[in-house]
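Right, I'll just put the structure down here and ask away after.
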Amino acid sequence: MPKPSAIQLSGFTGKLTTWQLTAGSAAFGLVIAAGAVAAAGPWDSSGQRTAERDLAASQEAWGGADHAGRAPGSEPEAAPSAPSVLAGLGAPAGVAPAPTDSAMADVLDPLMRDPALGPKRSAVVLDAASGKPVYGKNAGDGLTPASTTKIATAVAALSAVGPDHRIATKTVIEPPDSSAAPDVVLVGGGDPTLTARKDGRYTDTAASLRTLAEDTARSLKSRGIDKIKLSYDTSLYSGPVQHPIGPNENITPVSALMADEGRLDDSTSGPAPRTADPAGEATKKFADLLRDKGITTTTPPDTTPGSSKASERAEALAKVESPPLSALVERMLTHSDNDIAEALARQAAIAGKEPASFDGAGRAVKDALAKQKLPLSGTEFADGSGLDRADRISAELLAALLDHAADPGRPELRSVVTGLPVAGFTGTLVDRYPKDSPGTGVVRAKTGTLTGVNSLAGTVVDADGRLLVFAFMTTGTTDPQSAQKALDHMASTVANCGCR
C-alpha cells in the first residue's frame, strides 16, 4: 500500500498529505501543541474522523441565517472518507515551505474573476506561522460579512470574558413583607442554551431549567414554603429585544432569559418557529416544573407569570450555569447560531461596562478587538450575529482574527478554530464540499450567507503542510449556489496548492 501522504483522491491531481489530513481536520492549536493526531481526536482505519463522522451522519447539521442546508427530517449522507493517517505529524509548525505571493496569485487571480462572485469581492490569504499575507485583493474594503461576523463576536467575547466563564441563571427570594406568598424571582443571566427539555441533544451539557426547579423547590421546602408568587427578571439586558430584521425564524427576540433559544419545536439549530416572549415562556415552564416538585404559584396554570426586578435584599435560592464560553463559541460557529452570537456579544458588553443592547454590544466588540491591535478600519458592528446588513468587516480583519485564534500563544482563543465547520463533515459545511474535493476534511471555515452576500473565512493546510488562513468575501451575488461553489473552489485550490 502506498504511504498515506501519497494517496490521491479521485477527481483531482493534488495530494492530500499527512500534514493536511491531521492539521486540517483537527484543531490547529491542539495538533501543533501535541505533535500527534491523538491529541486532536481519533481517526478510524479509513482516515475518517470518528467524532465528525458521527456528527455529520446522525445529528442535525443545518443552522444559522440562510444556512439551512438539508431540510429537517431528511436523512444525511455519511461523511466522506479520507485516506489513512500516520500516527504523528513528524515536524513542528513552520517547517513546511511557505507559499510565495506570485504563485498564490497565479492560482487565485483567475478564480477571483469568476462572475458568480458578483461586483464586489475581496480576498486575503495569510501564512499562519509568520502572520504575513501571501495574497490580497481589496483586502481592506469593508463589506457586508453576514455570519462571518460571528468570528469577531467570538474573539471579542473570549478576550473580554475568558473561555472558562459560565453564564448563570438563578432564583432568588425577596424578604417577606406580609403573610402573603413570598416573592421568588427567576433571574436571567443571558444563557440562550438553558434547556427545559428532559432529554435530547445538548441536554447533557446545557444548564437545565429542570435542575434549577428541583434545587429551588428543595431550598423553598427547607424554609417551610410550598406556595410562592413567581416572576422573572430580564433587567440585565437593555434596548430593543427585536432584531432589526424583525420577527424571523433565524433568531428569537433577544432576552436575558430564554429556554431552548425560544424554539417552539424540538430542534437545536437552524431556522425554527420562535416564541415572541422567550422570558415569559421560560418562566411559565419553570412554574410547571415547580408544581411537579410540590411548589405551587399564585399564577394560575397556563398563565404566564409577570416580570419584575430582583432587589439587592433578595436571597439566593439556587442557580445553574451554562457550559464554558469556549463551548458556546464552538456551538455558535459550527451551526451559525444567531441566538448564541447575540448573547456572547452582550457578555462582551457587560465585561466592557457597556449597556447589554445591540448598540452597546457593537461598541464592546469593537473595543475588545481594538485592544488587540486588529485592523478595524471601515468596521461596523450593528449586531453580534451578522443578520444586520449594516455590519461591515474587511477580509483583512477576518483573516487577522483567525490568525490570532490560531496563534499558540493565545490559547484562550482556541475554540474559534475548533468551532469552525469542517468541509464535508460538520455544521454549515457538511453538504458544501463534494467527496472528491481537495478541500474536504482539510478546509475549516465559517460561512456567511444573506441574499446577495456570500463569504467564507477559515483555515486550510496546503499541499506542503503549511497552515494558511483565508477570508473570501462577495457582495452583489445573484446566484447563491454558484457563489458558494466559487468560494469553496477557491478554498480547495489553496488546499491543493504548494504555490512556490
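Among the listed residues THR449, THR428, which satisfies the condition of being of a type in the set (S, T, N, Q), under 19 Å from LEU328 (Cβ atoms) and crowded, with 24+ Cβ neighbours inside 10 Å?
None of the other options fit; the residue is THR428.
Output the number of residues of the stretch 102-119 satisfying the condition of being among the small types (Gly, Ala, Ser) and open to solvent by 60 Å² or more (accessible area, probe 1.4 Å).
1
Let me ask you something else. When you scan the stretch 348-364, how many residues do you find that are part of a helix (DSSP H, G or I), open to solvent by less than 10 Å² (accessible area, probe 1.4 Å) and touching a residue at least 40 places away in the same chain (Cβ under 8 Å)?
The qualifying residues number 3.
Looking at (1) at pLDDT below 95; (2) more than 16 Å from the chain's Cα centre (by Cα), which one does VAL430 not meet, given that it meets all the others?
(2)
Against the definition (under 25 Å from the mean Cα position of the chain (by Cα), crowded, with 17+ Cβ neighbours inside 10 Å and either of a type outside the set (Ser, Thr, Tyr) or modelled with pLDDT of 95 or more (or both)), how does ILE228 come out, yes or no?
For ILE228, the condition - under 25 Å from the mean Cα position of the chain (by Cα), crowded, with 17+ Cβ neighbours inside 10 Å and either of a type outside the set (Ser, Thr, Tyr) or modelled with pLDDT of 95 or more (or both) - is not met.
Can you name every residue in the stretch 368-425 that is over 17 Å from the mean Cα position of the chain (by Cα), open to solvent by less than 10 Å² (accessible area, probe 1.4 Å), within 18 Å of GLU354 (Cβ to Cβ) and among the polar types (S, T, N, Q)?
Across the stretch 368-425, the qualifying residue is only THR379.
Another question, if that's okay. Consider ALA341 carefully, then state whether it is under 23 Å from ALA206 (Cβ atoms), outside any helix (DSSP H, G or I) and either of a type outside the set (Phe, Trp, Tyr) or in contact with a helix residue (DSSP H, G or I) (Cβ under 8 Å, 6 or more places away or on another chain) (or both).
It is false that ALA341 is under 23 Å from ALA206 (Cβ atoms), outside any helix (DSSP H, G or I) and either of a type outside the set (Phe, Trp, Tyr) or in contact with a helix residue (DSSP H, G or I) (Cβ under 8 Å, 6 or more places away or on another chain) (or both).
Something else: So which of ALA256, ALA287, ALA310, ALA272 ends up being in a loop (DSSP other than H, G, I, E, B), open to solvent by less than 10 Å² (accessible area, probe 1.4 Å) and touching a strand residue (DSSP E or B) at 6+ places or on another chain (Cβ under 7 Å)?
Only one candidate qualifies: ALA272.
Let me ask you something else. Quick one: which of ASP266, ASP226 is touching a Lys or Arg at 6+ places or on another chain (Cβ under 9 Å) and among the charged types (D, E, K, R)?
Values: ASP226 fails: touching a Lys or Arg at 6+ places or on another chain (Cβ under 9 Å).
Step by step, each of ASP266, ASP226 is checked, and only ASP266 is touching a Lys or Arg at 6+ places or on another chain (Cβ under 9 Å) and among the charged types (D, E, K, R).
Kindly indicate whether any position in the stretch 148-159 is open to solvent by 10 Å² or more (accessible area, probe 1.4 Å) and out of contact with any Leu (no Cβ under 8 Å at 6 or more places or on another chain).
no
Right, another one. Here is a check on your reading of the model: is THR149 over 25 Å from SER308 (Cα atoms) and within 26 Å of the chain's Cα centre (by Cα)?
yes
The values are calculated or read from the model by the stated rules, or taken from the named source; none is laboratory data. From a predicted model like this one, the values you see are computed outputs, not experimental measurements. Here the Cβ is made from the backbone with ideal geometry for all residues, glycine too, and neighbour counts use every protein chain on show. Remember, those area values only see protein heavy atoms, side chains included, never the ligands or the DNA or RNA. Shrake-Rupley method; radii C 1.70, N 1.55, O 1.52, S 1.80 Å.
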